[in-house]
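Right, one structure below, let's go through it.
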Amino acid sequence: MSGAVGTSASNAPVWEVSLPSGRTSSSFGAPQRGTLVIRDMTGGEERISLPKPVAKILHAKKASGEIEPSSRAELLYIVWDLARSCARTRIERLIDRREYSSQEVRDKLAADGYPKSVIEECLSYACEIGLVSDARYADSYIRSKVYSGWGMGRIVRELSQRGIDVTTVKGWPYDYLDPEDEVSRAINLARTKRVSSTRAYEKLVRFLCSRGYATGVAMKAARQVLDERDDATLVDF
């Protein structure tokens with residue numbers, strides 16, 4: 001860990017910033033964080049976890065003498081302001097790659113270590129200016145999964161896990177698919193799945209259920225597709 005230590009003058013806080021030494025923490029895949037340490041006159045320490053980008057900027061500004069807070073309150077305000085700036089940049093970079101739901105963005109920022117107040121303020125602003133849009137995300141997500149052959153059940157579940165209630169999506173389901181045509185859609189998807197003859201029916205049913213089709217729909221579609229394949233093996237003499 002590397003650090004930069006502050007000097008004490010009147011009521012100025014004594015503080016240092018420790019930076020993470022690697023790319024990930026001991027918890028597999030979890031981002032590392034920096035630490036702000038504030039010391040009081042009695043030798044006590046206050047330790048505050050910081051998102052890595054915030055810690056790096058704060059460390060650099062301290063080392064260059066750019067910031068010299070006169071009180072703990074001023075130091076914490078500086079940290080909060082840096083966190084807000086870094087969180088906005090993080091959101092912009094996420095959206096540059098693909099659409100994210102507001103819940104996905106919230107989860108990403110929380111995992112990075114941003115405080116809830118910063119997350120909600122930055123996310124609210126991103127939604128207000130249209131950078132993050134649950135409606136746009138849901139529309140794109142549903143169209144993509146319908147094209148991939150997913151059933152309604154899985155689409156609903158996956159959107160729910162991303163913080164979106166599908167009943168709030170304008171035009172759902174009729175603008176995307178025909179709820180009465182689930183069997184036909186399941187049949188078309190099953191036709192693309194090649195399975196061995198051993199327990200072929202069970203395999204096709206499991207496959208269709210995993211794609212979000214109801215068990216009854218999956219059973220009906222699997223039976224029809226297997227009947228078609230049996231018919232295709234017949235040769236007229």
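To the nearest 0.05, what FRET efficiency results for Thr42 and Ile95 with a Förster distance of 41 Å applied to their C-beta separation?
In this case the efficiency is close to 0.35.
Please identify the DSSP H helices in the chain that span no less than 30 Å along the helix axis (Cα) and have a mean Kyte-Doolittle hydropathy of -1.0 or more.
Going by DSSP H runs, the hits are 72-97.
For segment 180-237, what is the charge dipole size about the Cα centre, in debye to the nearest 20, if Lys and Arg each add +1 at the Cβ and Asp and Glu each add -1 at the Cβ?
Dipole magnitude for segment 180-237 comes out near 420 debye.
So which residue, out of Gly151, Gly130, Gly113, gets the largest mean-square fluctuation from a GNM of the chain using Cα contacts under 10 Å as springs?
Highest fluctuation among the options: Gly130.
Just to verify a number: FRET efficiency for Asp230 and Val183, C-beta to C-beta distance, R0 = 25 Å, to 0.05?
0.85
Quick one: compute a quarter of the convex hull surface over the Cα atoms of segment 134-177 and quote it in nm².
Convex hull of Cα atoms, orientation-averaged projection: 2.6 nm².
Figure the gain on full extension for Ile78 and Ser196 (residue separation times 0.36 nm, minus the Cα-Cα span) and round it to one decimal in nm.
36.1 nm
Modelled label-to-label distance, Glu120 and Lys170, 7 Å Cα→beta-carbon offset: nm?
Going by the 7 Å Cα→Cβ label model, 2.7 nm.
Can you spot the aspartates and glutamates whose alpha carbon is less than 20 Å from Lys203's alpha carbon? Ignore those fewer than 8 places along the same chain.
Filter leaves Glu182, Asp227, Glu228, Asp230, Asp231.
Please report, in cubic angstrom per residue, the volume enclosed by the convex hull of the alpha-carbon atoms of the chain.
Dividing the Cα hull volume of the chain by its residues yields 185 Å³.
Mind scanning Lys52/Lys170; Lys108/Lys145; Lys145/Lys193; Lys108/Lys170 and naming the pairs with a C-alpha gap bigger than 28 Å?
Violating the 28 Å limit, Cα to Cα: Lys52/Lys170.
Most fluctuating residue of Thr42, Thr192, Thr168 in a GNM of the chain with Cα springs under 10 Å: which is it?
Comparing Thr42, Thr192, Thr168 in a Gaussian network model of the chain, the most mobile one is Thr42.
Do the sum for the chain: with -39,500 (n - 2.57) for every DSSP H run of n ≥ 4, divided by all residues, what is the mean residue ellipticity at 222 nm, to the nearest 500 deg cm²/dmol?
Helix-only estimate at 222 nm: -17000 deg cm²/dmol.
Let me know the charge dipole size of the chain about its Cα centre in debye, to the nearest 20, where only the beta-carbon of Lys, Arg (+1) and Asp, Glu (-1) is charged.
It works out to roughly 700 debye.
On full extension of the chain, what length is gained from Glu128 through Ser144, given 0.36 nm per residue of separation minus the C-alpha to C-alpha distance?
Roughly 3.2 nm would be gained on extension.
Laboratory data are not the source of any read-out in this text; all were calculated from the coordinates shown. Keep in mind that this is a model prediction, so the values were computed, not measured. Here the Cβ is made from the backbone with ideal geometry for all residues, glycine too, and neighbour counts use every protein chain on show.
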